[in-house]
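Peer 1: Next up is a structure, given as structure tokens.
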Amino acid sequence: VEVETETNTVSRGILTHGEISHMVLVSPDDRTLYTANINTEDVSVIDRDSGDLIAHIPCGKGVEGMGFTPDGKDLWALNQEGGSICVIDVASHKVTKTFDCAGLPIRVAFTSDGKTALVPSWTEDGELVVIDVDSLSETKRIPVGSQAIGVVISPDESLAFVGCEHSDGVHVIDMQTLSVVQKIFTGDGSDAMAFWSSPE
């Protein structure tokens, strides 16, 4: 669903041609839309202007979270039920690599240099998985709160914030030590987060 924010009205609905299209991303150049479709286990690529389907990219079981690498060349699609991550080449709309990520990988955030990815595991125990992007290998698992799901990195990249749905609130990670340094008890259901600063 596309919303015109100046008038807060729905301007159009765009078919994704997938089932349970849970997440949506806009490409860095604003021309293309991507939806992760949980039931059909694929990612839809849609022309933003026309609303036409460009491609369906087969992924894995329970594909949900997505994120662009900082260089914009790859899109990571996280298969939470499959315990794996697909690396999609944006130019060709093809999966170039799939690698294991134990647990329930559900979201992803990248450091600006593109070297590190942070992936929450949506398990009852809750972990933040640290991945080396070049080798696609896990370097650390940080215990956080139950059902870790949302993740953002602070603008100065000194901290990461992990939303944990089951009453554990937000866990704050020191990016140097890769350890929990604080918990912000927001109540049950912490998930999506975003940084905002005044334009003034």
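The values are calculated or read from the model by the stated rules, or taken from the named source; none is laboratory data. None of these values were measured; they are calculated from a predicted model. FYI the Cβ positions are ideal-geometry reconstructions off the backbone, even for glycines, and counts take in every protein chain you see. Surface accessibility is based on the protein's heavy atoms, side chains included, excluding ligands, DNA and RNA. Shrake-Rupley method; radii C 1.70, N 1.55, O 1.52, S 1.80 Å.
Peer 1: Output wanted: per-residue J couplings in Hz (rounded whole) for the range 170-185, from phi through Karplus 6.51 cos²θ - 1.76 cosθ + 1.60, θ = phi - 60°, x for Gly and Pro.
Peer 2: Residue by residue, the range 170-185 yields 9, 9, 9, 10, 6, 6, 7, 8, 6, 9, 6, 10, 6, 10, 10, 7 Hz.
Peer 1: Here is a further query. Take peptides 39-52, 144-157 and line them up by average Cβ neighbours within 10 Å, highest first, as a rough protection proxy. Could you put the intermediate results ahead of the total?
Peer 2: On the way: 39-52: 16.6, 144-157: 19.3.
Top of the packing list down: 144-157, 39-52.
Peer 1: Related question: Express in nm, to one decimal, how much length is gained between SER92 and VAL26 on full extension, taking 0.36 nm for each residue of separation and deducting their alpha carbon distance.
Peer 2: 22.1 nm
Peer 1: Moving to a separate point now. What do you get for chymotrypsin sites (Phe, Trp or Tyr not before Pro) in the range 1-86 restricted to DSSP loop and a cutoff of at most 10 other Cβ within 10 Å of the site's Cβ?
Peer 2: Values: sites: TYR34, PHE68, TRP76; in loops: none.
Taking the range 1-86 and a limit of 10 other Cβ atoms within 10 Å, no loop chymotrypsin sites (Phe, Trp or Tyr not before Pro) are found.
Peer 1: In whole percent, how big is the carbon plus sulfur part of the accessible area of the range 97-200, probe 1.4 Å, protein atoms only? Before the final figure, lay out each step's value.
Peer 2: On the way: 2690 of 5350 Å².
Carbon-and-sulfur percentage of accessible area, whole number: 50.
Peer 1: Still on this model: LYS183 versus SER11, label points 7 Å from Cα toward the beta carbon: distance in nm?
Peer 2: Calculated label separation equals 4.4 nm.
Peer 1: Write down the accessible area per residue of the range 156-200 in Å², having rolled a 1.4 Å probe over the full set of protein chains. Mind showing how you got there, number by number?
Peer 2: Values: 2900 Å² over 45 residues.
With all protein chains present, the range 156-200 gives 64 Å² per residue.
Peer 1: If the cut-off is 16 Å between C-alpha atoms, which aspartates and glutamates fall inside it for LYS183, apart from same-chain ones fewer than 8 positions away?
Peer 2: Those aspartates and glutamates meeting the cut-off are ASP125, GLU127, GLU165, ASP168, ASP174, ASP191.
Peer 1: Which of the aspartates and glutamates could be linked to LYS73 by a straight reach, that is with a Cα gap under 20 Å, when you skip same-chain ones fewer than 8 residues away?
Peer 2: Partners found: ASP29, ASP30, ASP42, ASP47, GLU64, ASP89, ASP113, ASP132, ASP134.
Peer 1: Just checking my list (i) 33, 18, 16; (ii) 27, 20, 17; (iii) 24, 20, 18 against semi-axes √(5λ) of the Cα gyration tensor in Å computed from this structure; which label fits?
Peer 2: For semi-axes √(5λ) of the Cα gyration tensor in Å, the calculated option is (ii).
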